[in-house]
Amino acid sequence: MEDRTDEVVRLRAQIEALREDIQKLERTSGEMQAAAGRHENILDSITDRFFALDKDWRFTSFNKPAALQLKALGKDAAALIGKRLWDEFSDVPPAETFRAVMRDRIPVTHEHYYALLNEWVENRIFPGADGGIIVLQCYVTRRKRIEGYLADGQRLSGTGTWALNLGSGELFWSAEHFRIFGLDPEKVKPSYPSLLEWIHPQDRSALQNAFEHAVRVKGEYDMEFRIVRPDRTIRHVRALAHPVMNDDGELVEYVGAVIDMTERRRAEEALNTVQAELARVTRVTALGELAVSIAHEVNQPLTAVVTNAYSLMRWLDADPADLQESQSATERIIRDAKRASAVIARIRAFVKRGNDRKTRMQVNDALREVDGLVRREVQAQGVMLTLELAAALPLVLADKIELQQVVLNLVLNAIDAMRGVPDTSRFLTLGAEPYGVDAVLVTVRDTGLGLNPHQRNHVFDAFFTTKPDGMGMGLAISRSIVEAHGGHLWTSPNDDGGETFQFTLPTAASAEC
Amino acid sequence: MLMPAMGTVFVVDDDESVREALSSLLRSVGLRVETFPSAQEFIRYEPDGAPACLVLDVRLPGGSGLDLQGELARAGKDIPIIFVTAHGDIRMSVRAMKAGAMEFLSKPFRDQDLLDAIGKALVRSEDASLARTRLAELRVRYETLTSRQREVMGHVVAGRLNKHTASELGISEITVKVHRRHIMEKMLAQSVADLVRMAEKLG
């Protein structure tokens, strides 16, 4: 009995334990069911389509979006469970990718155009725990379209984009960026040092200086330079860069665009050439017509003067001399000489009136425009141009075109003067500041070779030049323009080398009183 | 250069000072001068046939001097032209010279250059005028011939023998000889060769 009782107790304990196990199992099963339900809910609530295949390519599950998609294709998801993929779908575009994941057990993301749905889809394919594969599929048509627009936009506008990671020195280029540089994205890995090699040697240091300056001040930059493609053709590009800072304000990256300016540049150059030619022809024609007109207007009275003088000699030479005729001839000589003089005075007055186009204007505006005009030339010559324009300058009374001719002439001279110094020390400063209370001082300072004392004494003389192909008229004309404005133009050496040309312009207030 | 007596110089220039000065210069060497401010006014002027030349400015209001040159040639007014211009180019002077201009001078010119050109022009004009006078006299003489005499003269200058002329005209050879003598007398011809030259001039 004793034994039986023990047996019963033991059995009861076992039953109890079993019941606990069962309860535990029931709990676990409930939890598992709940978890499975939750997973199902999660899978159903995501918008991506989900389906799983076992190792024999049989469908094991679908989420709701997948079932809906199948329905749209005329298939019943529930009926597909247990069916083999290859039996149901003869044409599976990423078949090779599916097979690769099944074989290699490595996740793959793959995009393809699904013609039946007229959509671009992205399949993320994972190896499943049961030895099969799991596929998450989403529509990416919209993204693909935007990417396409972007690429088309880049191609059509000749604009490439890039990003430079300042920590790693890595450079990322868009496809259009590669195309502009004539490089193959498959073969070339761009970097900042390799970038410099593709820049035209004459523009390299200017670009490097500008970029390094931008990095120092964490600023933007906007540069035009030339690149040399592998096939040795030269393209003009403009690069814009925008700094990207982290939360601590440290510069981490530059993002930017590179724009192919070659065609625009070519068109501009053609336009400039045509305009310059037109201006030249117009000027020459106008001068030619003026010269012919002056020649005739002045020549007639001069012819009369000369002819009267000849006849005067003959009347005096006659025997006896005809004093009355001599008197008349002399009077005609005086009258006609005065007439010739009056013609010249009239022309002078006309020329003066034609050129007097003075308006009240801001010197700084005129200088900024000159800066815009010479910017390309300045960069091409490896010169750093700095504007030092005092704020709130008084207005001057000036002919803007003439004023700009003077400044342009001084700037181009300065650039020429710096050809003989290394391009790392070519600095040009264009400045404007008040000069006393009733004038503005314009300064053009270079770090070129400077003038010797003899040159400085004669540099404003007409036909004096220090250039092999110079006319020697630029500074003479400049000085006469400045003086016609009531100002002075002079030059002086810099303490640290180079030359400074300066001129004054009276303020409009003082010029008008 | 010796100036032909009674030569007249016509001056066409739009500039009064130039006209006055030229007039004074030409009068100082004893030339007759007539000045005109435009081509139109000169065209209206009928020259008297005495030796003359024209000093003509290339640039004139209402048509160039070159146009006037062409107009005079078309009108048969044979007058030597000396062009003067303030802005002559080679093409213009070549055109003027080809059209028969005597000279092409740039203003202002040397007095002697102009006077030499005028002298040459007046000599040419005088020669032409003399030739015209002689032709006129010849015509007057020819007019005095009878119609029969003119007929006979035609045969003589054609080199026909008297007997051929006689048989063709149906007259005797003697009569032909009489006509010949009268023709020679009336035309003041020294020889048959002389008469042939006269016939050529009469055309």
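Every read-out reported here was derived from the displayed coordinates using simple, explicitly stated rules and does not represent laboratory data. Note that the coordinates shown come from a computational prediction; the quantities given were computed from them, not determined experimentally. Positions of Cβ are generated from backbone atoms using ideal geometry, with glycine treated the same way; all protein chains shown enter the neighbour counts.
Our coupling estimate for segment A:34-45, obtained by passing each phi through the Karplus curve with A = 6.51, B = -1.76, C = 1.60 and θ = phi - 60°, is 4, 4, 4, x, 4, 4, 4, 4, 4, 4, 6, 7 Hz, Gly and Pro reported as x. A Förster radius of 51 Å, combined with the Cβ-Cβ distance separating A:Leu323 from A:Gln455, puts the computed FRET efficiency at roughly 0.25. The fewest-to-most ranking of A:Ile294, A:Ile481, A:Ile401 by surrounding Cβ atoms within 10 Å reads A:Ile401, A:Ile294, A:Ile481. The 3J(HN,Hα) values that the Karplus relation (6.51, -1.76, 1.60; θ = phi - 60°) gives for segment B:7-14 are, in residue order, x, 10, 10, 9, 10, 10, 8, 6 Hz. Gly and Pro appear as x. In chain A, Cα pairs under 8 Å separated by at least six residues give a relative contact order of 7 percent.
From the square roots a ≥ b ≥ c of the eigenvalues of the alpha-carbon gyration tensor of segment A:77-171, which class results: rounded (a/c under 1.5), prolate (a/b over b/c), or oblate? In terms of gyration-tensor shape, oblate. Cross-link partners of A:Lys55 among aspartates and glutamates, defined as those whose alpha carbon lies under 14 angstrom from its own and excluding same-chain residues fewer than eight positions apart: A:Asp104, A:Asp130. Here segment A:139-261 is treated with +1 on each Lys and Arg Cβ and -1 on each Asp and Glu Cβ, and its dipole about the Cα centre works out to around 500 debye. Relative to the dominant Cα principal axis of chain A, helix A:262-317 is inclined by about 0°.
Taking the centroid of alpha carbons for each part, segment B:122-150 and segment B:15-39 are 34 Å apart. Hydrophobic, long helices, defined as DSSP H runs whose alpha-carbon span along the helix axis is 20 Å or greater and whose mean Kyte-Doolittle value is at least -0.5, occur in chain B at B:111-143.
If you take all other residues with their beta carbon under 12 Å from the beta carbon of A:Pro243, and give Lys and Arg +1 and Asp and Glu -1, the sum is -1. Counting every other Cβ atom within 10 Å of each residue's Cβ, B:His179, A:His200, A:His242 order from fewest to most as A:His242, A:His200, B:His179. One decimal place: the segment A:Lys187-A:Ala175 gains 3.1 nm when fully extended, by the rule 0.36 nm per residue minus the C-alpha distance.
Using Cβ point charges alone (K and R +1, D and E -1), the dipole size of chain A about the Cα centre works out to roughly 1160 debye. Annotation: lysines with alpha-carbon distance below 17 angstrom to A:Lys358 (same-chain offsets under eight excluded): A:Lys400. Which FRET efficiency value, to the nearest 0.05, do you get for A:Asn209 and A:Ala35 by plugging their Cβ-Cβ distance into 1/(1 + (r/R0)^6) with R0 = 56 Å? In this case the efficiency is close to 0.30.
Neighbouring Cβ atoms from other chains, within 10 Å of the Cβ of residues in B:109-117, number 2 on average.
With each label modelled as a point 7 angstrom along the Cα→C-beta vector, the A:Thr443-A:Ile477 pair spans 2.8 nm. The angle separating the long axis of helix A:201-217 from the principal Cα axis of greatest extent in chain A is about 70 degrees. Between A:Leu316 and A:Met245, full extension at 0.36 nm per residue minus the direct alpha carbon distance yields a gain of 15.6 nm.
Multiplying the residue separation of B:Lys186 and B:Glu168 by 0.36 nm and removing their Cα-Cα distance gives an extension gain of 4.1 nm. Computed from Cα atoms, the angle from the helix A:141-157 axis to the main principal axis of chain A rounds to 20 degrees. Label-to-label distance for B:Arg124 and B:Glu41 is 2.6 nm, based on points extended 7 Å past Cα in the beta-carbon direction. A straight line joining the Cα centroids of segment A:8-49 and segment A:409-437 runs 87 Å. Mean sequence separation of contacting Cα pairs (under 8 Å, at least six apart), scaled by the length of chain B, corresponds to a relative contact order of 17 percent. Converting phi to 3J(HN,Hα) with the Karplus coefficients 6.51, -1.76 and 1.60 and the offset θ = phi - 60°, segment A:7-13 yields 4, 5, 4, 4, 5, 4, 4 Hz in sequence order, with x at every glycine or proline. Taking label points 7 Å from Cα along the Cα-to-Cβ direction, B:Asp48 and B:Asp78 give a separation of 2.1 nm.
Just the Cα atoms of chain B, one point each, no solvent: what log10 I(q)/I(0) does Debye give at q = 0.11, 0.14 Å⁻¹? After summing over all Cα pairs, the log10 values are -0.63, -0.79. What's the local net charge at A:Val108, with K and R +1, D and E -1, over the other residues with C-beta under 12 Å away? Net of charged neighbours comes to 0.
Using the Cβ-Cβ distance between A:Leu11 and A:Trp86 with R0 = 45 Å, the FRET efficiency computed as 1/(1 + (r/R0)^6) comes to roughly 0.25. Partners of B:Lys120 within straight-line reach, counting aspartates and glutamates whose Cα lies under 18 Å from its Cα and excluding those fewer than 8 residues away in the same chain: B:Asp78, B:Glu103, B:Asp111. All other residues whose Cβ lies under 10 angstrom from that of A:Ala398 are scored, Lys and Arg at +1 and Asp and Glu at -1, for a net of +2.
The ranking of B:Leu54, A:Leu403 from fewest to most other beta carbons within 10 Å of each one's beta carbon is A:Leu403, B:Leu54.
With the charge dipole of segment A:150-249 set up from +1 on Lys and Arg Cβ and -1 on Asp and Glu Cβ about the Cα centre, the Cα lying farthest toward the positive end among the listed residues A:Gly158, A:Gly182, A:Gly169 is that of A:Gly182. Taking amide H atoms as placed 1.01 Å from N in the peptide plane, the amide H of B:Val11 lies under 5 Å from those of B:Glu34, B:Thr35, B:Phe36, B:Val55, each 5 or more residues away in sequence or on another chain. Legend: distances between Cα atoms for B:Lys77/B:Lys186; B:Lys77/B:Lys201; A:Lys144/A:Lys189; pairs beyond 22 Å are B:Lys77/B:Lys186; A:Lys144/A:Lys189.
Think of the protein assembly as shown as having a plus end and a minus end, set by charges on the Cβ of Lys, Arg, Asp and Glu; of B:Leu105, A:Gly372, A:Val255, B:Leu105 sits farthest toward the positive end of this dipole. Ranked from largest, the principal axis spans of the Cα set of the protein assembly as shown equal 209, 92, 41 Å.
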